[in-house]
Every structure is written in C-alpha cells, then in structure tokens.
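Enquirer: Take a look at this one; I'll ask things after.
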C-alpha cells in the first residue's frame, strides 16, 4: 500500500457551527464513498478554511460521523489571497491505498469546482 492524498473542497453556506459541520460531513462522505475508503486506512486529514470561517473546527465533523478519536486531524486557515472563493472549506485526506494516483477521485462540490482548474496550474503559474 502507498499513502495517497485525496483533495476535496466545498463552499460553506454561512459562518456558523451548523453550516461548517454540515459542509464538512458532506465532503468527507463524498470523498470516502468516491474512493471506497475504509476509515481504518486514513492516515491523517488536514482541514483548512478561508479566514471568513471561524465559528467551528471542521475536524469536529469526524466525531459526529463516529470516526475513531485517535485519527490524526489538523485544522488551519488558508492564505488570504485576493479574489479567492469566500467561505471555502478544503480537505486533504492522506489514505493508505493500493490505488494509483490516476485512480483517485478528488471531490469539488458546488462553486468549489472552480478550484479544480486552479490546482492543475504549474507551480508559479497564474493563468
């Protein structure tokens, strides 16, 4: 097995606990289902939000889903880049898997689909 990264992003409807947790739960479920991930194979999850989301830690959603309390989780804020999407939640899930990189399905929901094009730019490129 290799450790692979799975990316996901979504827009949170409002800066409140309920909205942050609902968006996070939805994204986590989509990411795990799309990649047929067993929770025991998740090595770590990094959650980031744009600075305008600060009402709750997105990682709390894993506890609501009943995922193991010893799962390595980390929350942080994204850089405050001008004209970036507001209220954006991003997840990087590190998973032990037999899948090749091209077999991984990344999840971009709603308006966050715009980010998919940005992540495919070469380093330093701002086309």
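Enquirer: Which of 18, 103, 56 moves most in a GNM of the chain, Cα contacts under 10 Å?
Expert: With Cα springs under 10 Å in the chain, the top fluctuation among 18, 103, 56 is at 103.
Enquirer: Could you tell me the distance between the Cα centroids of the stretch 82-118 and the stretch 1-28, to the nearest Å?
Expert: Answer, in whole Å: 10.
Enquirer: For the stretch 2-119, take every pair of Cα atoms, bin their distances at 10 Å starting from 0, and report each bin as a whole percent.
Expert: Over the stretch 2-119, the share of Cα pairs per 10 Å bin runs 14, 49, 32, 5 percent.
Enquirer: Just for the stretch 2-119, what percent of DSSP beta bridges are antiparallel, to the closest 5?
Expert: 70 percent
Enquirer: For the chain, what is the relative contact order in percent, using Cα pairs closer than 8 Å and at least 6 residues apart in sequence?
Expert: Relative contact order here is 43 percent.
Enquirer: Under the rule of -39500 (n - 2.57) per DSSP H run of 4 or more residues, summed and divided by the residues of the chain, what mean residue ellipticity at 222 nm is obtained, to the nearest 500 deg cm²/dmol?
Expert: Per the formula, -7000 deg cm²/dmol.
Enquirer: Short version: what are the Cα gyration tensor semi-axes of the stretch 1-47, square root of 5 times each eigenvalue, largest first, in whole Å?
Expert: Whole-Å semi-axes of the equivalent ellipsoid: 23, 10, 9.
Enquirer: Contour minus end-to-end for residue 1 and residue 114, with contour as 0.36 nm per residue of separation and end-to-end as the Cα-Cα distance?
Expert: Going from the current span to full extension adds 37.5 nm.
Enquirer: Assuming a ≥ b ≥ c are the square roots of the Cα gyration tensor eigenvalues, decide whether the stretch 62-114 counts as rounded (a/c under 1.5), prolate (otherwise, with a/b larger than b/c) or oblate.
Expert: Oblate.
No lab work stands behind these numbers, since they all come straight from the coordinates. Note that the structure is predicted; figures quoted are calculated from it, not measured.
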